[in-house]
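The values are calculated or read from the model by the stated rules, or taken from the named source; none is laboratory data. Note that the coordinates shown come from a computational prediction; the quantities given were computed from them, not determined experimentally. Cβ: placed from backbone, ideal geometry, glycine included. Neighbour counts: every protein chain shown. Heads up: the accessible areas ignore ligands, DNA and RNA and are worked out on the full protein's heavy atoms, side chains in. Shrake-Rupley method; radii C 1.70, N 1.55, O 1.52, S 1.80 Å.
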Amino acid sequence: QVYVVFSEELKCWCRAVFESVQCHAVPYRLRCFLVDYARYSLVESDNVRDPVGVFTRLPYRAKKCSLYCTKPVTLHLDFCENTAKIGPAKRWDTAAIQHFQDLL
């Protein structure tokens, strides 16, 4: 479900898909993915509206995606045996993300 939210950092109304809710205070803060700007943002629940008319049928300018069959790896160091091996990791490290962004 796509909603329209006001982004304080962008100072404009954007289409968004909600990821999670933070219930620490009123109004609630919602973590959402801005589909036209390809970024995540926190938005107050007061700044959420239902989309109307043709606005709902416009194609997104950004989409979440991943690299097909590409999994993160990391360097495992064993100081006792004085070896280093590349093995699977749970998430990409910041150096790999930065290198990929530089390639793009």
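Rolling a 1.4 angstrom probe over the protein heavy atoms, how many square angstrom per residue are accessible across the chain?
82
Looking only at Phe55, Phe33, Phe79, which one moves most when the chain is put into a Gaussian network model with springs between Cα atoms under 10 Å?
Phe79
Rounded to the nearest percent, how much of the accessible area of the chain (1.4 Å probe, protein heavy atoms only) is carbon and sulfur?
57
So if I place +1 on the C-beta of Lys and Arg and -1 on the C-beta of Asp and Glu, and nothing else carries charge, what would the dipole magnitude of the chain be about its Cα centre? I want it in debye, nearest 20.
Magnitude of the dipole: close to 380 debye.
Of Leu30, Thr74, Val17, whose Cα points farthest to the positive end of the dipole of the chain (charges on the beta-carbon: +1 Lys, Arg; -1 Asp, Glu; origin at the Cα centre)?
Towards the positive end, the residue furthest out is Val17.
Under a 10 Å cutoff between Cα atoms, tell me which one of Cys65, Cys80, Cys23 has the largest fluctuation in the Gaussian network model of the chain.
With Cα springs under 10 Å in the chain, the top fluctuation among Cys65, Cys80, Cys23 is at Cys80.
If you place +1 on the Cβ of every Lys and Arg and -1 on the Cβ of every Asp and Glu, how big does the dipole about the Cα centre of the stretch 2-49 come out, in debye to the nearest 20?
That gives the stretch 2-49 a dipole magnitude of about 80 debye.
Sorting Phe100, Phe6 by accessible area (1.4 Å probe), largest first, what list results?
The ordering from most to least exposed comes out as Phe100, Phe6.
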